[in-house]
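For reference, the structure is listed below as structure tokens.
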Amino acid sequence: MLDIQKLIGTPKIVVTETDDTTTKFEINNLPRWFWHTLGNAMRRIILGYNVGAAITGIKIKGVQHEYHVIDGVKETVIDMMLNFKKLRFSVDENSDSIQWISQKFSKSGVYTSADIKTPAWVSILNTNDYLFEVTDPSVELIVDIRVEKWYGYYSIDFLRSRNEKDDSWSDVNTLLIDNDFGVVDYVKYDVEEVIEDFSGTTKDTVTVEIKSRYPKLSPKEIIMFAGEVLASYAKLFIFDDAYIDRSALIEYNDLQAEAEKLPEETNIKTMPIDALPLSERTRNALIKNNILYVEDLEKKKKWELLLMKGVGRKAIDEINSSLATIDKSLIA
């Protein structure tokens with residue numbers, strides 16, 4: 001991180017859950033313009049690469065094409081495919097990214113996503129989405145669904161070409177379903193820029209708001225994945241054979257340790273001289289000589305201040321009196 005954080009404070013993140021599916025992540029104390037860098041990058045990664053699992057194909061026993069009509073089922077096969085297309089799943093990271101799940105429906109009535117039985121390593125995110133209705137109790141419907149985990153979008157052309165290139169994908173009884181794998185409804189970010197003092201120092205606050213489509217999926221998991229993606233790509237720009245000047249950088253852990261170790265001193269060092277009870281003339285004289293903070297005054301001796309334009313003995317006495325209010329004084 002940039003060492004300007006010493007002046008504007010340690011970056012902090014505040015997480016607020018506004019409802020079951022929406023969470024706000026407020027990042028405070030960012031250097032100027034970092035809201036563009038972080039907010040937009042996180043938004044684009046989340047929208048483009050949020051990983052989910054969706055259905056890319058189904059097999060229905062006795063059905064060879066999507067225009068088939070199943071006796072005893074209210075919906076057409078196409079309508080059933082569209083309803084299955086809406087389903088999203090969560091698949092354990094140690095499991096195969098492609099899962100075939102077989103289902104048997106043997107009673108009349110309405111079937112929803114809650115009726116789908118999945119193995120322990122696969123869970124369905126939809127709560128009670130309508131799938132189809134069986135009107136004939138003698139009908140036994142056997143449906144195999146192919147669940148794939150990925151990001152982005154799979155078109156019908158892509159699925160067909162994959163079948164042609166690899167015989168293991170080819171199955172004439174599989175009805176292909178084009179699908180996206182997104183699990184996010186929207187991502188947006190808002191920015192608040194606060195000018196701290198006369199010197200123009202600013203502290204940006206960026207709030208990233210994520211709305212998941214499903215209560216079972218935490219927005220924290222979504223933004224954590226995006227953070228990992230951003231960090232991994234940023235590492236590409238770190239070269240072993242190049243020199244980097246780290247004088248303007250500070251590690252986050254060091255910044256936290258410094259803030260915890262010397263909270264009182266840190267607050268004083270970041271206190272602008274505008275907060276001191278000085279006359280306008282003395283204050284302006286210090287600013288013109290680039291004395292902007294109490295920290296700057298602590299580093300100066302009296303004779304050094306007297307050499308500055310516009311600073312006389314009366315100003316020195318006034319400065320000493322003002323510093324005394326915070327238990328500080330100039331170097332003799």
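Would you say THR118 is in the same structural domain as VAL77 (by TED's automatic domain parsing), closer than 23 Å to LYS61 by Cα and of a type in the set (Ser, Thr, Tyr)?
yes
Hey, can you tell me all the residues within segment 155-183 that are of a type in the set (Asp, Glu) and closer than 11 Å to GLY57 by Cα?
ASP171, ASP178
What are the residues in segment 246-280 that are in a helix (DSSP H, G or I), more than 35 Å from the chain's Cα centre (by Cα) and either surrounded by 12 or more Cβ atoms within 10 Å (Cβ to Cβ) or at pLDDT below 75 (or both), if any?
Of everything in segment 246-280, those that are in a helix (DSSP H, G or I), more than 35 Å from the chain's Cα centre (by Cα) and either surrounded by 12 or more Cβ atoms within 10 Å (Cβ to Cβ) or at pLDDT below 75 (or both) turn out to be ILE273, ASP274, ALA275.
Filter segment 130-177 down to residues that are within 30 Å of the chain's Cα centre (by Cα), among the hydrophobic types (A, V, I, L, M, F, W, C) and assigned to a strand (DSSP E or B) and give me whichever is farthest from ILE70 (Cα to Cα).
Of everything passing the filter in segment 130-177, TRP150 is farthest from ILE70 (Cα to Cα).
Do we have any residue at all in segment 141-152 that's free of Cβ contacts under 8 Å to residues at least 60 places away in the same chain and surrounded by 14 or more Cβ atoms within 10 Å (Cβ to Cβ)?
no
Which residue, of THR37, THR56, is of a type in the set (Ser, Thr, Tyr) and modelled with pLDDT under 90?
THR37
Please count how many residues of segment 303-327 are surrounded by 16 or more Cβ atoms within 10 Å (Cβ to Cβ) and either modelled with pLDDT under 80 or in a helix (DSSP H, G or I) (or both).
Residues in segment 303-327 being surrounded by 16 or more Cβ atoms within 10 Å (Cβ to Cβ) and either modelled with pLDDT under 80 or in a helix (DSSP H, G or I) (or both): 7 in total.
Among the residues of segment 1-41, write down those that are in a loop (DSSP other than H, G, I, E, B) and among the charged types (D, E, K, R).
ASP3, ASP19, ASP20, ARG32
So which residues in segment 26-54 are of a type in the set (S, T, N, Q) and either at positive phi or in contact with a helix residue (DSSP H, G or I) (Cβ under 9 Å, 6 or more places away or on another chain) (or both), if there are any at all?
ASN29, ASN50 - these are the residues of segment 26-54 that are of a type in the set (S, T, N, Q) and either at positive phi or in contact with a helix residue (DSSP H, G or I) (Cβ under 9 Å, 6 or more places away or on another chain) (or both).
So if I check each of THR76, THR21, which one is among the polar types (S, T, N, Q), surrounded by 15 or more Cβ atoms within 10 Å (Cβ to Cβ) and over 30 Å from TYR233 (Cβ atoms)?
Result: THR76 is the single residue among THR76, THR21 that is among the polar types (S, T, N, Q), surrounded by 15 or more Cβ atoms within 10 Å (Cβ to Cβ) and over 30 Å from TYR233 (Cβ atoms).
Hey, can you tell me all the residues within segment 281-293 that are part of a helix (DSSP H, G or I), surrounded by 15 or more Cβ atoms within 10 Å (Cβ to Cβ) and either at pLDDT below 80 or not β-branched (Val, Ile, Thr) (or both)?
Correct list: ARG283, ALA285, LEU286.
Show the residue pairs meeting these rules: Cβ distance below 6 Å; 6+ apart or different chains; first residue within segment 70-85 and in the same structural domain as GLY109 (by TED's automatic domain parsing) and touching a residue at least 40 places away in the same chain (Cβ under 8 Å); second residue among the hydroxyl-bearing types (Ser, Thr, Tyr) and exposed (fewer than 15 other Cβ atoms within 10 Å of the Cβ).
That search, which allows pairs on different chains as well, returns GLY72/THR135; LYS74/THR135.
Taking only pairs six or more apart or across chains, which ones have beta-carbon atoms under 6 Å, a first residue in segment 88-100 that is touching a residue at least 12 places away in the same chain (Cβ under 8 Å), and a second residue that is charged (D, E, K, R) and surrounded by 12 or more Cβ atoms within 10 Å (Cβ to Cβ)?
VAL91/LYS149; SER97/LYS149; ILE98/GLU148; TRP100/ASP144; TRP100/ARG146
Go through (1) of a type outside the set (Asp, Glu); (2) free of Cβ contacts under 8 Å to residues at least 12 places away in the same chain; (3) not assigned by TED's automatic domain parsing to the domain that holds GLU209 and name the single condition THR112 misses.
(2)
Residues in segment 94-111: is at least one within 30 Å of ILE222 (Cβ to Cβ), part of a loop (DSSP other than H, G, I, E, B), modelled with pLDDT under 95 and charged (D, E, K, R)?
Scanning segment 94-111, I find at least one residue that is within 30 Å of ILE222 (Cβ to Cβ), part of a loop (DSSP other than H, G, I, E, B), modelled with pLDDT under 95 and charged (D, E, K, R), so the answer is yes.
Conditions (1) at pLDDT 95 or above; (2) among the aliphatic types (A, V, I, L, M), marked per residue:
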| position | (1), (2) |
| --- | --- |
| GLN64 | no, no |
| HIS68 | no, no |
| VAL77 | yes, yes |
| ARG88 | yes, no |
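Out of ILE27, ILE60, which single residue is of a type in the set (Val, Ile, Thr), crowded, with 16+ Cβ neighbours inside 10 Å and in the same structural domain as VAL194 (by TED's automatic domain parsing)?
Result of the check over ILE27, ILE60: ILE27.
The values are calculated or read from the model by the stated rules, or taken from the named source; none is laboratory data. Remember, it's a predicted structure, so these values are computed and weren't measured experimentally. Note: ideal-geometry Cβ built from the backbone for every residue, glycine included; neighbour counts use all protein chains shown.
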